[in-house]
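To keep things clear, I will list the structure first and then write my remarks on it.
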Amino acid sequence: MNLRAEILKDERSRSQTEHIARWIGSDPKRFARLMDLFLNDEYRVVQRAAWVVSAVADQYPERIEPWLKPMISKLITPEVPVAVKRNVVRVLRHRKIPKSLHGVLMNACLGFVADPKETVAVRCFSMTILAELAEIYPEIRQELETIIRDQLEQGATPGFRSLARKVLAGRGTK
């Protein structure tokens, strides 16, 4: 399969994404090809590859482990497409992240949650990551709660409010 050509097909559907994800499967070489496109190609390819990365990660979470550092680096790149942010934080939200990456991920997620112009999905997935990291680093809980309360006062969407109430109550996000 010409992976790049398949990603760029006009058919941008769930079935096309799943078709590509099935082809990649648990094959580390195919996944490496996908990650090369995701991390290094032009905007449109990166954006569409992000959907496939997320789909593969759902089925084969072990494929993501060697790629966590480059994914987080991509996440904090200026002008990163929203599809990349959304899919990276979606993939990371319930993953065990190496301690060496906690600081940079925390900072990125705090920025996403605090930004009222950020998409709701990115903000909510980031809030989930931060709630889990707050179990390890209780000192960030106060900052997270302050940001959440500020966002609630500014008028948040129902989805954000629902998750925010759970995080503020300490009920977890799983």
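Any read-out appearing in this document is the output of simple, stated calculations on the displayed coordinates, not a laboratory observation. Remember, predicted model here, so these are calculated numbers, not experimental data. Here Cβ is always computed from backbone atoms with ideal geometry, including for glycine, and neighbour counts include all displayed protein chains.
To the nearest ten degrees, helix 82-92 and the longest principal axis of the Cα atoms of the chain are 80 degrees apart.
Computed from label points 7 Å out along Cα-Cβ, the spacing between Val82 and Leu152 is 2.5 nm. Between segment 95-162 and segment 49-94, how far is it from one alpha carbon centroid to the other, in angstrom? After rounding, the separation between the Cα centres reads 17 Å. The loop-placed GluC sites (Glu not before Pro) in segment 1-80, going by DSSP, that have at most 11 neighbouring Cβ atoms within 10 Å of their Cβ come out as Glu11, Glu42, Glu79. Against the chain, whose longest principal axis is taken from its Cα atoms, helix 141-153 shows a tilt of about 90°.
Measuring against 25 Å, Cα to Cα, the residue pairs Lys9/Lys117; Lys29/Lys96; Lys9/Lys85; Lys69/Lys166; Lys74/Lys166 contain Lys9/Lys117; Lys69/Lys166; Lys74/Lys166 as the ones spanning a longer distance.
For the chain, give the magnitude of the charge dipole about the Cα centre (Cβ charges: +1 Lys/Arg, -1 Asp/Glu; no others), in debye to the nearest 20.
Values: 29 positive and 21 negative charges, 78 e Å.
Using only the charged Cβ atoms, the result is roughly 380 debye.
Scaling the Cα radius of gyration of the chain by the globular reference 2.2 N^0.38 Å produces a ratio of 1.06. When only Cα pairs below 8 angstrom with a gap of at least 6 residues are kept, segment 1-77 shows a relative contact order of 32 percent.
Placing +1 on the Cβ of every Lys and Arg and -1 on the Cβ of every Asp and Glu, with no other charges, gives segment 1-77 a dipole of roughly 80 debye about its Cα centre.
Using C-alpha pairs under 8 Å with a sequence gap of at least 6, the mean separation divided by the residue count of segment 93-174 gives a relative contact order of 31 percent. How far, in degrees from 0 to 90, does helix 43-59 lean away from the longest principal axis of the Cα atoms of the chain, to the nearest 10? For 43-59 against the chain, the angle is about 80 degrees. Taking a label point 7 Å from the Cα of Lys166 along the Cα→Cβ vector, which residues of segment 119-136 have an amide N closer than 16 Å to it? Of the residues in segment 119-136, 120-135 have backbone N under 16 Å from the label point off Lys166.
Note on Glu62 and Tyr137: with the Förster distance fixed at 30 Å, the Cβ-Cβ geometry gives a FRET efficiency of about 0.70.
A Cβ-based charge dipole, computed about the Cα centre of segment 93-174 with Lys and Arg at +1 and Asp and Glu at -1, lands at about 420 debye.
All C-alpha pair distances within segment 1-77, sorted into 10 Å bins from zero, spread as 20, 58, 21, 0 percent across the bins. Grouping the Cα pair distances of segment 93-174 into 10 Å bins from zero gives a pair-distance distribution of 19, 59, 21, 1 percent in increasing distance order.
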